Amino acid sequence: MNSKLLVLLLLILSFRFYLFYSNRYQFSDGEKVDFQAMILSSPQTIGSQQSFTANYKNQKIRVTTNGFPEVNYGDSVRISGKISNRNNGLLIYFPKMEIVNGSANVFQASLGGINILREKLISLFSKTLPAPFSSLLLGIIFGIKEQMPKDFSNNLRTVGVFHVIAASGMNVTLIGGFISAFFVLFFKRQVAIGLSILAIIFYALLAGLEPSIVRASVMGILVFSAQIMGRQTLAENSLFLAGFGMLFLDPSLISDVGFQLSFAATLGILYLKPLFGKKEGVVAEVSTTITAQIATLPILLANFGTYSVYSILVNGLVLWTVPILMMIGGAGAILGLILMPLGQILIYLCYPLLLYFESVVNIFGNLGGVLTISSFPWQFAAGYYCLLISTLIFLKRK
């Protein structure tokens with residue numbers, strides 16, 4: 001990107017940040033609110049409670065309610081309660097809530113249809129495979145993990161492969177890389193771009209349209225399309241313009257972990273992956289993961305405080321199964337919605353690879369090897385990225 005244009009965009013962004021934070025409404029602790037909002041992310045169910053995020057006065061509020069009435073993304077709800085203003089954000093616990101009836105617009109109807117499709121997919125996979133294999137395959141293909149057993153979920157986190165089944169910004173970045181790399185092998189570039197865009201959008205819808213998913217999908221569509229066209233400069237400019245546009249519309253994203261992870265992971269794939277050369281197959285998938293992890297390591301340590309010493313090894317052992325599982329399981333899911341028995345046959349063919357995946361995760365998960373960091377200084381993160389950028393510049397010149 002032209003340096004003068006970059007400076008201009010940074011100046012515009014700085015002025016936008018100043019206006020946003022100087023005029024932002026400040027909620028007081030215990031303040032009563034009454035507002036209507038549409039749920040644009042899939043609610044999380046924990047025991048007999050459900051939790052979701054609502055927007056009010058351009059701020060995100062985390063709402064925790066009882067399990068009834070059950071809400072789904074796309075629903076319009078009226079919320080009345082008291083704000084809890086804490087260090088970790090704005091919260092509302094057990095407000096008075098009702099689903100607002102009315103004629104659904106096209107967007108709401110579409111979200112409702114996607115939610116029905118999600119439930120059918122969960123039922124199809126659950127009837128075909130035992131736990132945790134059904135939830136593992138659902139997570140790998142669609143980012144759906146509601147029925148994931150807690151012990152196996154903890155092991156996925158411990159060994160550093162939770163990104164494979166988590167509907168996160170980093171996961172969409174990796175999935176987008178897999179999808180674009182696969183389509184470009186069989187189709188012309190223009191066709192591969194179109195199919196990749198459709199696949200990423202469909203994945204975002206099934207994953208629940210979480211804000212991190214939407215942001216990462218936008219970045220992925222722009223960057224991977226440019227890469228398929230073989231234009232590195234266009235990919236770089238697309239990423240920076242996407243980041244600029246998102247921050248201009250919502251400056252609060254600068255402190256959002258999902259935005260940081262998706263942006264850094266995409267940067268890592270864009271700038272670090274070419275250092276591995278033109279690889280294909282398993283090596284290409286492993287290099288994608290390694291570069292994304294290198295780029296996001298300080299963010300992960302600063303926000304989650306843990307890192308597995310086996311992470312890269314386990315990723316190398318299991319990630320080669322992901323494209324195969326996505327292709328066979330995805331085809332089985334589509335066929336199963338039309339003719340269940342045939343779809344179930346394809347889905348069951350994934351069982352050996354899922355058993356291998358589960359065994360590797362549980363073996364290394366029980367070994368421990370997790371680094372715990374209680375306090376991560378920002379100076380270390382700054383030094384890490386300065387060293388990484390310097391190394392990248394040196395290797396590029398050499």
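Listed residues ALA284, ALA302, ALA331, ALA292; which is at pLDDT below 85 and closer than 26 Å to ILE116 by Cβ? Give the derivation first.
Numbers: ALA284 fails: closer than 26 Å to ILE116 by Cβ; ALA302 fails: closer than 26 Å to ILE116 by Cβ; ALA292 fails: closer than 26 Å to ILE116 by Cβ.
Sole residue among the options that is at pLDDT below 85 and closer than 26 Å to ILE116 by Cβ: ALA331.
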Residues being surrounded by 15 or more Cβ atoms within 10 Å (Cβ to Cβ) and not in a helix (DSSP H, G or I): count how many of those fall in the range 350-368. 1
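Out of contact with any Phe, Trp or Tyr (no Cβ under 8 Å at 6 or more places or on another chain), part of a helix (DSSP H, G or I) and modelled with pLDDT of 80 or more: which single residue out of PHE263, PHE259 fits that description? Steps first, answer last, please.
Numbers: PHE259 fails: modelled with pLDDT of 80 or more.
Going through PHE263, PHE259 in turn, the sole match is PHE263.
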What number goes with the only condition from (1) assigned to a helix (DSSP H, G or I); (2) within 22 Å of GLY268 (Cβ to Cβ) that PHE376 does not pass? (1)
Within the range 305-328, residues at pLDDT 75 or above, assigned to a helix (DSSP H, G or I) and surrounded by fewer than 18 Cβ atoms within 10 Å (Cβ to Cβ) come out as LEU313, GLY316, ILE324, MET327
Scanning the range 330-359 for residues that are under 23 Å from the mean Cα position of the chain (by Cα) and of a type in the set (A, V, I, L, M), the one nearest to LEU138 (Cα to Cα) turns out to be ALA333
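Within the range 130-163, restricting attention to residues that are in a helix (DSSP H, G or I) and closer than 22 Å to ASP256 by Cβ, which residue is modelled with the lowest pLDDT? Don't jump to the end; show me each part of the working.
Of the range 130-163, the ones in a helix (DSSP H, G or I) are 133-142, 150-158, 162-163.
Now restrict to residues that are closer than 22 Å to ASP256 by Cβ: 157, 162-163.
On the way: ARG157: 77, PHE162: 74, HIS163: 68.
The residue in question is HIS163.
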Odd one out for ILE92 among (1) surrounded by fewer than 20 Cβ atoms within 10 Å (Cβ to Cβ); (2) modelled with pLDDT of 80 or more; (3) touching a strand residue (DSSP E or B) at 6+ places or on another chain (Cβ under 9 Å): (1)
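Name the one entry in PHE35, PHE27 that is assigned to a loop (DSSP other than H, G, I, E, B) and closer than 30 Å to GLU98 by Cβ.
On the way: PHE35 fails: assigned to a loop (DSSP other than H, G, I, E, B).
Just a single option satisfies the conditions, and that option is PHE27.
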Filtering the range 43-66 down to residues that are over 22 Å from LEU249 (Cβ atoms) and modelled with pLDDT under 80, which residue is farthest from the chain's Cα centre (by Cα)? SER48
As an exercise: evaluate ILE175 against (1) at pLDDT 70 or above; (2) buried (at least 16 other Cβ atoms within 10 Å of the Cβ); (3) closer than 18 Å to ILE328 by Cα and give the number of the one condition it does not meet. (1)
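The values are calculated or read from the model by the stated rules, or taken from the named source; none is laboratory data. Keep in mind that this is a model prediction, so the values were computed, not measured. Note: ideal-geometry Cβ built from the backbone for every residue, glycine included; neighbour counts use all protein chains shown.
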